[in-house]
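The values are calculated or read from the model by the stated rules, or taken from the named source; none is laboratory data. Model, not experiment: these values are computed from the prediction. Ideal geometry is used to build each Cβ from the backbone, glycine not excepted, and the neighbour counts take in all protein chains shown.
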Amino acid sequence: MAFDRLLNVAKKEFSDHITSRRFVIILGLLLVISAVGAHAGIESYNNLLESYNQQLQHVQDIDVSGPYTGWMPEKPSILLILSPMMSYMTTLGAVLAIAIGFDLVSKEKETRSLKSLLSHPVYRDEIINGKALGGIAALGFAMVLALAISLAILLLFSIVPTLTEFAAILIFGAVTLGFLLAYFAIALMMSTIAKESGNALIYTMVIFFAVSTLLPVLGAVAGEALAGDRPEPPQTAPLPKEVIWVDNGGYSSTSVSQSVVYEGKAVEVDPAWQQYEDDMRAYSERRMLISSVTNLFSPQMNYFTAAMAVTNPRIATVIHSPLDSMPAETPGLAEALSQVWMNIAALIVFPSAFFAATYVKFMRMDIR
Amino acid sequence: MRDTENINKRMSKSAVSATVPGCIWKCTMIQTENLTKIYNGNPAVDGLDLVVGEGEIFGFLGPNGAGKSTTILMLTGMIEPTAGRCLVDEIEVAKDPLAVKKIIGYLPEDVGFYGNLTAEQNLDYFARFYDMGAKERKARIEELLELVHLDGVTQKAGEYSRGMKQRLGLAQALINDPKVLFLDEPTANLDPEGVREYRDLILALAAEGKTIFVSSHILSEVRAVCRTVGLLAKGKLVAKGTLGEVARTLTPSDEDVVRIVVETRERLPDLDDPEIVAIERNGNRAVVRATSDIRDRLAATLFEQGLHIREMRVEEPDIEDVFMAVYRR
């Protein structure tokens, strides 16, 4: 019976969400962008596929005793089509999550329907849990629709994902849902704290900008301030190095130095520069650690890191360990996810903490 | 065996209900014992002891801020008391609020609904919390909407006037056919026709044996429907009983004298009775203050003198004035 009551609240909330004008408009926009994004992703995928086929052709023509002996080009993954979705989910997705959560409780206080509801045989925890469940179901519904559209477009272009790719798409959906829940939980909490929906929306937006924009900057500043003095390079001329710039979608960039081995002979390393490189690595690791810990509080950063591990594990590995050389082979899905477990855990803990705080506040709320 | 226990239980309940006027074999339906609620160190309800019998229409009077709504919130299981306890149909509310909510109906002050739903949808949502099948819900909702004259209204509740909301509020309070009905300022938003219909409905519900607890600061409203009243001031119960009893309790003491109003067609002669304390004369009219009710002797004396009596009555304290005096405290 207790579950029936919770389900009654959840069903009503879900129905309210998917029939509300606000939800329908934002969801419609989300789906249109999903379709456009998927189409653009397929074009990129086809270009990469063409490039892959050309490289494959060249591999057969190159010198068998050259430095690229044994090197094989990598087939592009269809998961690349999800990359555009990552970008708009961090903005439009978050807006959708906030839109359905910011007045869930405050509106009931304003219209006094909460008092009417509480006068019937239902416990407070069933109400707040039902509201959360209804919101989660609505966001899940939106997520399933967005992924279904992307998949439909894939199939329309005769691209059929493998079982692993399909699993990766589902995991991507789950990670995205975790991100959406983070902002839904914040909005729900603000709705419980604030007396008016307008204030709840403002508080939520303040937190949204703080954790999405301010926190990464603060993390970088804190890393700079707390990592100690940056090592000075030696005065002697450096030995030749190769530098690889990694572009990971405009969020951050890093440089990787690597020694290139030609036919088993290592290039001679200057000890002063070796020391500098070691110091610099330690310094960079300290900075990254501080920045990473700070970023754990940003759903955007956690989502970006976790989603990147699913859609582009190779780049994700480089982002995770920028001071190491780029892996020769693309890591498997499980390996890529294991590297970002902290971010995935943060995506679970973040909404859970806000839901818990909402629960406590709602249970103690004065309903006079 | 169980039947015997039940009879014993009812017998013991009837003993308690002896305190309720006009309630001989009826049971106590609502009871509070030292009920207290403190907000930020200030007592909103302070040691309230109250007994309301089954089938009574009880008026809970008091000025704004007296603690009436807080008391109702505790009685309906929506907030927990700081101290003391309250029982509805022998169920302690704080211990089993859900069991209490199943047998009560509550119309809050300024009742609110889901603006995006129609009256029928709102009622159906609330009805789903009770063990009611779809057919039963539908039939009950139709019956109630007809009762409050909202049948056929297709507007969503968000577009309702305050009076319509109040009527829908009454319907939602009756959705589970409750044994006890708590009404907080029930006529606040109703027009005169709505008030008349509300009064008829309350009397009809009471005739069915339902206990009705009406909270209001409007004396005339309570006087129109309630048989017994309780007067709350600053969280404390000041008086309880019929309106007359409460008024007499609250009337400032006049050294236990009875005020008798006498009016004759002719000029009043001198009145001589050992129990008369004083006479305030005004032509052929006078207010006689006596140590007891001497109307029979007085009437005989005036009759013997050949006077025609137009009026003779014991002057009751003016209820409005008495209550206003308490409200102003």
Checklist line | Lone unmet requirement of (1) outside any helix (DSSP H, G or I); (2) surrounded by 17 or more Cβ atoms within 10 Å (Cβ to Cβ); (3) touching a helix residue (DSSP H, G or I) at 6+ places or on another chain (Cβ under 9 Å) for B:Arg289 | finding: (3)
Next item on the list: Taking the residues in segment B:106-119 that are more than 8 Å from every other protein chain (Cβ to nearest Cβ) and within 30 Å of the chain's Cα centre (by Cα) as candidates, determine which candidate is farthest from B:Val214 (Cα to Cα).
Entry: B:Ala119
Margin query: Looking at segment B:122-151 only, could you name the residues that are within 17 Å of A:Val9 (Cβ to Cβ) and of a type in the set (Gly, Ala, Ser)?
Written below: B:Ala127
Check: Before we move on, is B:Arg248 modelled with pLDDT of 85 or more, outside any strand (DSSP E or B) and over 24 Å from B:Gly152 (Cβ atoms)?
Finding: no
Next item on the list: Would you check if there is a residue in segment A:308-326 being at pLDDT 85 or above, outside any loop (DSSP other than H, G, I, E, B) and among the hydroxyl-bearing types (Ser, Thr, Tyr)?
Entry: no
Item checked: Residues located in segment B:120-129, provided they are within 11 Å of chain A (Cβ to nearest Cβ) and more than 18 Å from B:Leu181 (Cβ to Cβ) -> B:Gln121, B:Asn122, B:Asp124, B:Tyr125, B:Arg128
Notebook entry, point to check: From the list B:Thr4, B:Thr32, which one is at pLDDT below 85 and more than 14 Å from chain A (Cβ to nearest Cβ)?
Noted result: B:Thr4
Item checked: Residue that is in contact with a Lys or Arg (Cβ under 9 Å, 6 or more places away or on another chain) and either more than 13 Å from every other protein chain (Cβ to nearest Cβ) or of a type in the set (A, V, I, L, M, F, W, C) (or both), where the choices are A:Val95, A:Val105 -> A:Val105
Note to self: Taking the condition of being away from chain A (no Cβ under 11 Å) and touching a residue at least 24 places away in the same chain (Cβ under 8 Å), how many residues in segment B:76-105 meet it?
What the structure shows: 10
Notebook entry, point to check: For residues in segment B:130-165 being within 10 Å of chain A (Cβ to nearest Cβ) and over 18 Å from A:Glu108 (Cα atoms), which is modelled with the highest pLDDT?
Noted result: B:Tyr130
Margin query: Any residue at all in segment A:173-183 that's closer than 30 Å to B:Met74 by Cα, surrounded by 17 or more Cβ atoms within 10 Å (Cβ to Cβ), among the aromatic types (Phe, Trp, Tyr) and touching a residue at least 12 places away in the same chain (Cβ under 8 Å)?
Written below: no
Item checked: Residue identified as away from chain B (no Cβ under 14 Å) and assigned to a helix (DSSP H, G or I) among A:Leu31, A:Leu7 -> A:Leu31
Next item on the list: Take the residues in segment B:140-153 that are within 28 Å of the chain's Cα centre (by Cα) and assigned to a loop (DSSP other than H, G, I, E, B), then tell me which one is surrounded by the fewest Cβ atoms within 10 Å (Cβ to Cβ).
Entry: B:His149
Next item on the list: Would you mind stating whether B:Val229 is outside any strand (DSSP E or B) and under 30 Å from B:Leu190 (Cβ atoms)?
Entry: no
Next item on the list: With the condition kept exactly as written, say whether any residue in segment B:229-245 is among the hydroxyl-bearing types (Ser, Thr, Tyr) and either buried (at least 19 other Cβ atoms within 10 Å of the Cβ) or without any contact (Cβ under 8 Å) to a residue 60 or more places away in the chain (or both).
Entry: no
Checklist line | Of all residues in segment B:166-177 being in a loop (DSSP other than H, G, I, E, B) and buried (at least 20 other Cβ atoms within 10 Å of the Cβ), the one that is farthest from the other protein chains (Cβ to nearest Cβ) | finding: B:Leu174
